[in-house]
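All remarks here apply to the structure that follows.
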Amino acid sequence: MTTNSKTVTRATHDKVILPVYTPAQFVPVKGKGSRIWDQQGREYIDFAGGIAVMALGHCHPALVAALKQQGETLWYTSNIFTNEPALRLASKLIDATFAERVFFVNSGAEANEAAFKLARHYAIKRHNPYKTKIIAFYNAFHGRTLFTVSVGGQAKYADGFGPKPADIVHVPFNDLAAVKAVMDDHTCSVVLEPIQGEGGITPATPEFLKGVRELCDQHHALLVFDEVQSGMGRSGKLFTYMHYGVTPDILTTAKALDGGFPISAMLTTEEVASVMTVGVHGTTYGGNPLACAVAEAALDTINTPQVLSGVQARHERFV
Ligand SMILES: Cc1ncc(COP(=O)(O)O)c(C=O)c1O
């Protein structure tokens, strides 16, 4: 079969792409704000919004300008060099949050993979080699690598791939007694989405988040918040933890972080980051100048009182 860009249609998808998705029956070719247009020029309102990605809509002028400017300047360097957009973006994320250290990757799953590895590494380095238990939640979603899909609490995604990483326990979300029942000194971390996304939009209760924080402190376990879906202004604050007054030790962000250009980040404290040394973890594309320049423009646009209060006002209207 030969195809070229002129002849591809929705039917081509079912011949050439791995059959893991069932996309809509038309192919979008253009987007602007909340609208997309298909191959026939038909206009649609895009209620899918990139599944929590297109927080600023399609082709937002600030993001397009950043992409063009950086695209004509420096795309990629590898980690042999650092680069200005990554350093600026990390500094701004630190200024805006609890974090003191940032690690950039390319997807939500990779940010969570880094977070779970860091939580285990911290416990092993600072405490003992048996402190590896991860407490996670049914209906959670953390990505599709074998580690992240195993921490996610949905058998339909996790089963069928052979042996899973060990020492992961799932309990019902918002059930503090259930967490207490499995929490012990062998626990390295509790991992949760402050608002569960894929499992149905379920916010954590304030008592639950506060209680989990206290249990983590009592047992020297790290609290990991997956804000891949709930972060970057989508709850009306830059990150959802800011509504609760409960601060995690590690936070992951992706999706709306770049409004459609692949990037993700893991944020943490100086103390937790201090167990990582050169070569312990890494990535080829993470922190590349192009993605970081676009994310900087997205962060500058989203993290303003005007945008965040606009999200809150629309939330109230929908409710
Ligand atoms: C809460 C949460 N974590 C992680 C992920 C995985 O992100 P990605 O698909 O970019 O790997 C998702 C994706 O839907 C998500 O909603």
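The values are calculated or read from the model by the stated rules, or taken from the named source; none is laboratory data. Keep in mind the model is a prediction, meaning the values are calculated, not measured. FYI the Cβ positions are ideal-geometry reconstructions off the backbone, even for glycines, and counts take in every protein chain you see. All accessible areas refer to the heavy atoms of the entire protein, side chains included, with ligands and DNA or RNA removed. Shrake-Rupley method; radii C 1.70, N 1.55, O 1.52, S 1.80 Å.
Set side by side, the residues VAL151, VAL212, VAL182, VAL191 differ, and just one is surrounded by fewer than 17 Cβ atoms within 10 Å (Cβ to Cβ), touching a residue at least 12 places away in the same chain (Cβ under 8 Å) and aliphatic (A, V, I, L, M), which is VAL182. Looking at THR22, THR97, THR9, which one is at pLDDT 95 or above and in the same structural domain as ALA295 (by TED's automatic domain parsing)? Unique residue meeting the criteria: THR97. Do we find that LEU87 is more than 20 Å from ALA273 (Cα to Cα) and either open to solvent by 50 Å² or more (accessible area, probe 1.4 Å) or outside the structural domain of GLY279 (by TED's automatic domain parsing) (or both) in this structure? No; evaluated as a whole, the condition is false for this residue. Before we move on, is LEU93 assigned to a helix (DSSP H, G or I), more than 18 Å from the chain's Cα centre (by Cα) and more than 16 Å from the ligand (Cβ to nearest atom)? It is false that LEU93 is assigned to a helix (DSSP H, G or I), more than 18 Å from the chain's Cα centre (by Cα) and more than 16 Å from the ligand (Cβ to nearest atom).
So which residues in the stretch 121-166 are of a type in the set (S, T, N, Q) and away from the ligand (no atom under 14 Å from the Cβ), if there are any at all?
Matches in the stretch 121-166: ASN128, THR132.
Exactly one residue out of ASN106, ASN112, ASN128 is more than 16 Å from HIS281 (Cβ to Cβ), polar (S, T, N, Q) and assigned by TED's automatic domain parsing to the domain that holds ASN288, and it is ASN128. Of everything listed in (1) among the charged types (D, E, K, R); (2) surrounded by fewer than 13 Cβ atoms within 10 Å (Cβ to Cβ); (3) not assigned by TED's automatic domain parsing to the domain that holds TYR157, the single unmet condition for LYS68 is (3). For the stretch 5-21, filtering for residues that are open to solvent by less than 90 Å² (accessible area, probe 1.4 Å) and part of a loop (DSSP other than H, G, I, E, B) leaves 4.
Residues that are among the aromatic types (Phe, Trp, Tyr) and within 25 Å of GLN306 (Cα to Cα) within the stretch 56-113 comprise just one, PHE98. With respect to the conditions (1) of a type in the set (A, V, I, L, M); (2) within 16 Å of the ligand (Cβ to nearest atom); (3) over 19 Å from PHE116 (Cβ atoms), VAL278 falls short on a single one, namely (2). Residues that are within 27 Å of ASN106 (Cα to Cα) and in a helix (DSSP H, G or I) are absent from the stretch 166-181 altogether.
Results for (1) of a type outside the set (S, T, N, Q); (2) free of Cβ contacts under 8 Å to residues at least 60 places away in the same chain; (3) surrounded by 17 or more Cβ atoms within 10 Å (Cβ to Cβ); (4) touching a Gly at 6+ places or on another chain (Cβ under 8 Å), shown as yes or no for each residue.
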{"residue": "PRO23", "(1), (2), (3), (4)": "yes, yes, no, no"}
{"residue": "PRO28", "(1), (2), (3), (4)": "yes, yes, yes, no"}
{"residue": "GLY33", "(1), (2), (3), (4)": "yes, yes, no, yes"}
{"residue": "GLU43", "(1), (2), (3), (4)": "yes, yes, no, no"}
{"residue": "VAL53", "(1), (2), (3), (4)": "yes, no, yes, yes"}
{"residue": "GLU100", "(1), (2), (3), (4)": "yes, no, no, no"}
